[in-house]
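Please read the structure below before turning to the comments.
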Amino acid sequence: MDYSVVRQPNISSQNGAICLDILKDQWSPALMLKAALLSLQALLSASELDDPQDAVVAQQTFVGTAQYYTETFAKRSSIGTEEKVQNLVEMGFPESLVRATLEAVGVDENVALEKLCSF
């Protein structure tokens, strides 16, 4: 099996190892196969990004999810420059720095916020 096609952060893309507590340190002979499979199903449906087996996939998953939520729920395309300035100033950034950063990034509020946070 080619494990490199697995895009789940709790499954290693290198060797297929699964990061699930009942398969390692929480294993008990009293556990039934049904419980193990239900735990695996839960893991596959809701990734544990705090304890990934594959950090690269976890980062890609996090970034992809963040981009989706930003595009779907947070991005406002009709917002004017002054409103963008006000939004960023309300976050605690100096107005002069906000204006300069917005101008430098073509008035893209999300990119400006990333740059402001990196200073």
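Taking every residue in the stretch 17-46 that is closer than 23 Å to residue 58 by Cβ and pairing it with any residue that is among the basic types (Lys, Arg), at least 6 positions away or on another chain, yields no pair with a Cβ-Cβ distance below 7 Å. Where helices (runs of 4 or more DSSP H) sit wholly within the stretch 1-99, those with at least 2 residues that are out of contact with any Lys or Arg (no Cβ under 8 Å at 6 or more places or on another chain), surrounded by 14 or more Cβ atoms within 10 Å (Cβ to Cβ) and at pLDDT below 75 occupy 55-69. Find the residue count for the stretch 100-110, including only residues that are outside any helix (DSSP H, G or I) and either surrounded by 12 or more Cβ atoms within 10 Å (Cβ to Cβ) or charged (D, E, K, R) (or both). Of the residues in that region, 3 qualify.
The values are calculated or read from the model by the stated rules, or taken from the named source; none is laboratory data. Model, not experiment: these values are computed from the prediction. As a convention, Cβ positions derive from the backbone with ideal geometry for all residues, glycine included, and neighbour counts pool all protein chains shown.
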